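Presented below is the structure to which this report refers.
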Amino acid sequence: MKEIVLHDQWLVKAAVEDVFNLITDFEKFPEHFPKVVESIQVKKREGNYVEMEAIVRSFGKKFPVQMKTHILPGEGFISDNDSFKFGTSGHEEMLLSKSPEGTLIDYTYRVSIHNVCLRLVATPLIRWYSMKYWEKAVISELRKTLEK
């Protein structure tokens with residue numbers, strides 16, 4: 001099955017530590033990023049490994065996602081996500097690095113759509129729409145919250 005690879009980079013004019021603290025505060029994701037997350041429940045936490053169940057918003061729909069996430073202290077997170085109801089699985093990386101102007105966010109999401117019919121319809125939409133929406137729903141909120 002062919003993956004759809006979504007990738008972009010953004011600059012947030014804030015310290016890496018501040019961006020890291022916000023993007024790894026998973027319990028408050030619905031508060032900080034309500035356009036993409038309705039709820040998150042942490043089911044297991046062992047050091048920097050977290051398993052969560054989330055209700056996410058995408059393409060005007062809400063659906064459950066199971067997340068197995070590795071927090072990389074001071075650098076972001078890597079997460080393997082499954083949405084059995086929507087029929088997708090993905091590998092997400094949100095990596096942070098210092099920049100002279102603040103924090104560079106390097107975001108990659110590799111998604112597989114398991115339903116062939118949905119794949120035909122969703123692939124062009126996901127490629128065109130997803131990163132634009134992510135920038136508006138997450139990156140813009142980070143900038144509003146952290147940039148002074």
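The numbers here are math on the coordinates, done by the rules we state, and not lab data. Keep in mind it's a predicted model, so treat the numbers as computed, not measured. Positions of Cβ are backbone-derived with ideal geometry, glycine not excepted, and every protein chain shown enters the neighbour counts.
Some points to look at:
- Of Lys44, Lys13, Lys28, the residue with the greatest mean-square motion in the GNM of the chain, using alpha carbon springs below 10 Å, is Lys44.
- Adding -39500 (n - 2.57) for every DSSP H run of four residues or longer, then dividing by how many residues the chain holds, sets the calculated 222 nm ellipticity at -7500 deg cm²/dmol.
- With θ taken as phi - 60° and the Karplus curve 6.51 cos²θ - 1.76 cosθ + 1.60 applied, the whole-hertz 3J(HN,Hα) list for region 81-93 is 10, 10, 10, 5, 5, 7, x, 10, 9, x, 10, 10, 10 Hz, x standing for glycine and proline.
- Between the helical axis of 116-134 and the longest alpha-carbon principal axis of the chain there is an angle of about 20 degrees.
- Amide H to amide H, with H built 1.01 Å from N, Ser39 comes under 5 Å of Ile55, counting only residues 5 or more places away or on other chains.
- In a simple Cβ point-charge model (Lys, Arg +1; Asp, Glu -1; nothing else charged), region 25-148 has a dipole of about 500 debye relative to its Cα centre.
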